[in-house]
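Asker: Can you read through this structure? Questions will come right after.
The values are calculated or read from the model by the stated rules, or taken from the named source; none is laboratory data. Owing to the predicted nature of the structure, the values given are computational and were not obtained by experimental measurement. Every residue, glycine as well, gets a Cβ built from its backbone with ideal geometry; the counts of neighbours run over all protein chains shown.
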Amino acid sequence: MLLELQGIQKRFGGVTALADGNLRVEAGQVHLLLGENGAGKSTLMKIVAGMYQRDAGRMLWRGQQVHLQSPAEAAALGVAMVHQESLLAPHLSVAENIFLGREERLPLGVVRRGRMVAAARRLIEEHHFPLQAEWRVDKLSPAGKQLVEICRAIQHGSSLLIFDEPTSSLSDAETQEVFRIVRALRERNMGVIYITHRLEELRAVGDRVTIFRDGRSVHTGALTAISTDEIIQHMVGREVSALYHRTPLPPGEELLRVEGLARAGALEDISFTLRAGEIVGLGGLVGAGRTALCRALFGIDPVDRGRVLVAGRPVAIRGPQEAVKAGIALVTEDRQRTGVAVRLPMVANTVIANLPAVSAGGVVRAAEEIRVTARFMDRLRIRASSPRQLVGRLSGGNQQKVVIAKWLFRQARVFLFDEPTRGIDVGAKGEVFELMDSLARSGAALLMVSSELSELSQVADRILVMRQGRLSGELPRGASQADILRLATLSQAHSAEEPRA
């Protein structure tokens, strides 16, 4: 037995993140760790990785009780974590990141770069990773950065590797590469803890599964002994059929018209409409131009030609300010970097797009911003200790709700949702879909980018599909995943160093 956790507890102020965390991981085993956002998974893994210290409970490593006070102590023990958001040094090379902090040096402290690069090359070649030791990390795709973190863990002699949502932003080809690597680590007799919200991935990599709900482990067992429906029920505490159901509305007035939008190297002749009450899906593979389209419509990237009309009136969108004034909102794919300010409290994040509404004489009224935030906390069921809690302390699903609250307070009418359920659990997905449905019923028009084909089929009133920067077709509500893939198929594969749209 590599790792055993018994009755782990952790509190942050008045919030209980873990009430009774239990987990057993063996060498040569891939142990899946599942649960809704806020269920306690990440907190538990940060305790294992030495980032947090537990308040109660026991942690045993190879049968001996341990108290880890830092990530360095966890690394010395043999624990490494591949984070959802890369923690690498972006300005350094692949080799420099692999050996960071453990460089071989000459007597005067000079790093032996030749030996370091040669060792990195041997490691990369041994595992058949699509990397080069000399590449700069900031030029790599998310998949490439994950490979670097895996190389570092192997080089440092880790015997337990924790994957936190490793495929949440990867293409299908990159996801299959992650699966291959996980299986190879298992063959090397390493222990692997694999956190994911993509339930379709489970049986490709997992041996055993532990499920958390409300800070407690509620199920542990062999993956072959439990169905996907039973997994969902353990995660959310209710029947699968109750998760989400949407009745489409008859479309209303035209709120957005896009005519011949083009941007060199990214978009070509994009034309479509959105009507009040509609949720229109936007499908396509990674690199098809879906995010590029959202960025162009929100004024982040300039376009070369084309027209945009909002509620029948032409608008010149030269930047996000013009888009916001026109009533367009963007819920970005990378919420932590571009959706919320993680170091600011919920009150600041909620009112930031509409400060005049909570101000008097140019001064923000603290009582009013708290009242507004509390109202959206209740309306959107945001789980937080108070309106002043830092957004960075919220789960991914609750952070996504804060982004939506910001735009609801701004009274936007056209919403661009770019991968709105990326990295959130199945229960939170249902809540996000309910919010989107509520927006549509209030008269808004929604464009939803999603890489989950089942989401497009289930949620969208109609589905637009992109391929190589163009719209390749439109499908009706409930279109099959095969039909979507047929329109979306790309011939080229994406390697680790290729840029991503």
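Asker: Out of the helices (runs of 4 or more DSSP H) lying entirely within segment 169-271, which hold 1 or more residues that are at pLDDT below 90, assigned by TED's automatic domain parsing to the domain that holds CYS151 and basic (Lys, Arg)? If you could, list the steps in order and put the result at the bottom.
Answerer: On the way: elements: 172-187, 202-205, 228-236.
Because the criterion is at least 1 residues that are at pLDDT below 90, assigned by TED's automatic domain parsing to the domain that holds CYS151 and basic (Lys, Arg), the helices (runs of 4 or more DSSP H) in segment 169-271 that meet it are 172-187.
Asker: Being touching a strand residue (DSSP E or B) at 6+ places or on another chain (Cβ under 9 Å), in a helix (DSSP H, G or I) and over 30 Å from ILE211 (Cα atoms) is true for just one of GLU455, GLU368. Which residue is that? Outline the logic, then answer.
Answerer: Working: GLU455 fails: over 30 Å from ILE211 (Cα atoms).
That would be GLU368, the only listed residue that is touching a strand residue (DSSP E or B) at 6+ places or on another chain (Cβ under 9 Å), in a helix (DSSP H, G or I) and over 30 Å from ILE211 (Cα atoms).
Asker: Sticking with this structure for a sec: Give just the number: which of (1) in the same structural domain as GLY281 (by TED's automatic domain parsing); (2) at pLDDT 85 or above; (3) in a loop (DSSP other than H, G, I, E, B) does LEU416 not satisfy?
Answerer: Condition not satisfied by LEU416: (3).
Asker: Which of the residues that make up segment 197-228 are under 25 Å from ALA19 (Cβ atoms) and buried (at least 22 other Cβ atoms within 10 Å of the Cβ)?
Answerer: Matches in segment 197-228: HIS197, VAL209, THR210, ILE211, PHE212, GLY215, SER217.
Asker: Quick check on my filter: what residues within segment 150-178 are within 17 Å of HIS83 (Cα to Cα) and within 18 Å of the chain's Cα centre (by Cα)?
Answerer: Selection gives ILE162, PHE163, ASP164, GLU165, PRO166, THR167, SER168, SER169, LEU170, GLU174, THR175, VAL178.
Asker: Turning to a different aspect of this structure: Quick one: which residue in ARG343, ARG383, ARG388, ARG379 is in a helix (DSSP H, G or I) and not assigned by TED's automatic domain parsing to the domain that holds LEU453? Explain how you work it out, then say what you get.
Answerer: Working: ARG343 fails: in a helix (DSSP H, G or I); ARG383 fails: in a helix (DSSP H, G or I); ARG388 fails: in a helix (DSSP H, G or I).
It is ARG379.
Asker: Any residue at all in segment 154-161 that's crowded, with 23+ Cβ neighbours inside 10 Å, outside any helix (DSSP H, G or I) and not small (Gly, Ala, Ser)? Step through it out loud before you land on a result.
Answerer: Applying the first criterion (crowded, with 23+ Cβ neighbours inside 10 Å) to segment 154-161 yields 160-161.
Cutting the leftovers down to outside any helix (DSSP H, G or I) gives us 160-161.
With the extra rule that they be not small (Gly, Ala, Ser), the set shrinks to 160-161.
Yes, that holds for at least one residue.
Asker: What are the residues in segment 457-501 that are closer than 18 Å to CYS294 by Cα and at pLDDT below 90, if any?
Answerer: If the condition is that a residue be closer than 18 Å to CYS294 by Cα and at pLDDT below 90, then ARG467, GLN468, ALA488, PRO499, ARG500, ALA501 are the ones that fit.
Asker: Might you let me know whether segment 291-308 holds any residue that is in a strand (DSSP E or B), in contact with a Leu (Cβ under 6 Å, 6 or more places away or on another chain) and assigned by TED's automatic domain parsing to the domain that holds ARG467? Give the steps one after another, and end with the answer.
Answerer: Keep residues of segment 291-308 that are in a strand (DSSP E or B), which gives 305-308.
Imposing the further condition that a residue be in contact with a Leu (Cβ under 6 Å, 6 or more places away or on another chain) reduces the set to 306.
This time we only want the ones that are assigned by TED's automatic domain parsing to the domain that holds ARG467, so: 306.
Yes - at least one qualifying residue is present in segment 291-308.
Asker: For residues in segment 85-121 being among the charged types (D, E, K, R) and within 33 Å of the chain's Cα centre (by Cα), which is modelled with the lowest pLDDT?
Answerer: Keep residues of segment 85-121 that are among the charged types (D, E, K, R), which gives 85, 96, 102-105, 112-113, 115, 121.
Filter again for within 33 Å of the chain's Cα centre (by Cα), leaving 85, 96, 102-103, 121.
Numbers: GLU85: 60, GLU96: 92, ARG102: 79, GLU103: 81, ARG121: 94.
Taking the candidates together, the pick is GLU85.
Asker: Residues GLY473, GLY478: which one is in contact with a Ser or Thr (Cβ under 8 Å, 6 or more places away or on another chain), surrounded by fewer than 24 Cβ atoms within 10 Å (Cβ to Cβ) and free of Cβ contacts under 8 Å to residues at least 24 places away in the same chain?
Answerer: GLY478
Asker: Now a separate question. Identify the residue in segment 182-196 that is over 22 Å from ARG62 (Cβ atoms) and not aliphatic (A, V, I, L, M) and, among all such residues, is farthest from the chain's Cα centre (by Cα).
Answerer: The qualifying residue farthest from the chain's Cα centre (by Cα) is ARG183.
Asker: Show me the helices (runs of 4 or more DSSP H) entirely contained within segment 67-129 in which 1 or more residues are surrounded by fewer than 19 Cβ atoms within 10 Å (Cβ to Cβ).
Answerer: Numbers: elements: 71-77, 94-98, 113-126.
So the answer is 71-77, 113-126.
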